[in-house]
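Trainee: Structure in structure tokens, see below.
The values are calculated or read from the model by the stated rules, or taken from the named source; none is laboratory data. These figures come from a predicted structure and were not determined experimentally. Please note: Cβ atoms are built from the backbone with ideal geometry, for glycine as well, and neighbour counts cover all protein chains shown. Just so you know, the surface numbers come from the protein's heavy atoms only, side chains and all, with ligands and any DNA or RNA stripped out. Shrake-Rupley method; radii C 1.70, N 1.55, O 1.52, S 1.80 Å.
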Amino acid sequence: MSRVGKAPITIPAGVTVQLVNGVVTAKGPKGEVSQAINTDITFSIEDGVLTVNRPSDSKQHKALHGLYRSLINNMVIGVSQGHSVKQELVGVGYKVSNQGNMVDFTLGYSHRIMFEIPEEIKVVTETLKGQNPSITMECADKQLLGQIAAKIRSFRKPEPYKGKGIKFAGEVLRKKAGKSASK
């Protein structure tokens with residue numbers, strides 16, 4: 001049996017999980033998240049613990065078992081605690097600011113990049129003296145948050161020689177040696 005799939009999910013107080021017509025919906029204090037699932041995979045809730053079950057040991061069912069358990073667990077964590085991502089802009093003259101959910105990037109191009117963040121995501125930008133500008137995003141939906149963070153990173157990926165670009169906070173970049181002087 002799948003190690004991930006057989007692990008039970010503890011549902012915290014204030015969170016409800018329902019399955020209606022092949023769509024799992026989790027509601028909690030941080031919001032509501034929905035995910036369509038395969039009708040072969042079932043789950044049961046007993047005493048605040050959710051378990052995901054599969055009908056057979058076929059390769060397809062084994063793959064879906066662990067997948068849907070992880071997705072439902074991310075939904076439960078998201079609606080109870082929330083997910084957050086922090087990114088830093090490393091480079092001279094790189095700036096970020098926001099007006100509501102419209103984020104304005106200055107990344108060394110000839111133009112500024114205006115990017116609209118979906119309404120489900122709460123965004124905060126900060127520019128402190130002596131530190132790199134940063135952007136922090138919070139959301140109940142981990143998939144949407146990761147997709148938006150990847151899109152923002154794609155505006156200026158960190159390059160391997162100086163490390164300039166948009167990186168995740170705490171990310172360690174492997175730097176390459178530059179050209180060596182020839183004799």
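Trainee: What are the lysines whose alpha-carbon lies under 17 Å from the alpha-carbon of K179, with same-chain residues fewer than 8 places away excluded?
Mentor: Partners within reach: K162.
Trainee: Where the centroid of each part is defined by its Cα atoms, how far is the stretch 96-114 from the stretch 118-162 in Å?
Mentor: The distance from the Cα centre of the stretch 96-114 to that of the stretch 118-162 comes to 12 Å.
Trainee: Quick one: if you take sqrt(5λ) for each eigenvalue of the C-alpha gyration tensor of the chain, what semi-axes come out, biggest first, whole angstrom?
Mentor: Sorted largest first and rounded, they come to 40, 21, 13 Å.
Trainee: Here is a follow-up. Helix 59-80 against the longest principal axis of the chain: what's the angle in degrees, Cα atoms only, rounded to the nearest 10?
Mentor: Between helix and principal axis, roughly 70 degrees.
Trainee: Roughly how many Å² of M102 are accessible to a 1.4 Å probe, to the nearest 10?
Mentor: 70
Trainee: Report, ordered by chain and residue number, the aspartates and glutamates lying within cross-link reach of K27, taken as a straight Cα distance under 15 Å and ignoring same-chain residues fewer than 8 apart.
Mentor: E120, D141
Trainee: Tell me which lysines have Cα within less than 20 Å of K86's Cα, excluding those fewer than 8 residues away on the same chain?
Mentor: In chain and number order, the partners are K30, K95, K122, K129, K142, K151, K157, K164, K167.
Trainee: What span do the alpha-carbon atoms of the stretch 22-117 cover on each of the three principal axes, reported in whole Å from largest to smallest?
Mentor: 57, 33, 21
Trainee: Kindly list the residues of the stretch 148-172 that lie in the label zone of I113, defined by a backbone N under 15 Å from the point 7 Å along the Cα-to-C-beta vector.
Mentor: Only 148-159, 164-168 fall inside the zone, counting backbone N under 15 Å.
Trainee: So what is the 222 nm mean residue ellipticity for the chain from helices alone, if each DSSP H run of at least 4 adds -39500 (n - 2.57) and you divide by all residues, rounding to the nearest 500 deg cm²/dmol?
Mentor: -7000 deg cm²/dmol
Trainee: For the pair K175 and N101, how long in nm is the line joining their label points, each one 7 Å along Cα→Cβ?
Mentor: Each label point lies 7 Å from its Cα, and together they span 3.9 nm.
Trainee: Same structure again: Pull up all non-local amide H partners of F43: gap of 5 or more, or a different chain, and H-to-H distance under 5 Å with H placed in the peptide plane.
Mentor: It is N53, by chain and number.
Trainee: Let me ask something additional. Any idea how far apart T25 and T42 come out in nm if each label point goes 7 Å out from Cα toward Cβ?
Mentor: That separation, rounded to one decimal, is 2.2 nm.
Trainee: Further question on the same structure: Over the C-alpha atoms of the stretch 59-158, what are the Rg and the largest Cα-to-Cα span, Dmax, in Å?
Mentor: Spelled out, the Cα radius of gyration and Dmax of the stretch 59-158 are 16.3, 54 Å.
Trainee: Between K142, K62, K30, which gets the highest mean-square fluctuation from a Gaussian network model of the chain, Cα cutoff 10 Å?
Mentor: Checking each option, the largest mean-square fluctuation is seen for K62.
Trainee: Using a/c under 1.5 as the rounded threshold, could you call the stretch 9-54 rounded, prolate or oblate? The axes a ≥ b ≥ c are square roots of the C-alpha gyration tensor eigenvalues, and prolate needs a/b larger than b/c, oblate otherwise.
Mentor: It comes out oblate by the Cα gyration axes.
Trainee: What is the angle, in °, between the Cα long axis of helix 142-154 and the longest principal axis of the Cα atoms in the chain? Nearest 10 is fine, range 0 to 90.
Mentor: Computed tilt is about 20 degrees.
Trainee: Counting other Cβ atoms within 10 Å, keep those with at most 13, restrict to DSSP loop, and tell me which GluC sites (Glu not before Pro) in the stretch 65-171 are left.
Mentor: Here the sparse-neighbourhood loop sites are E119, E171.
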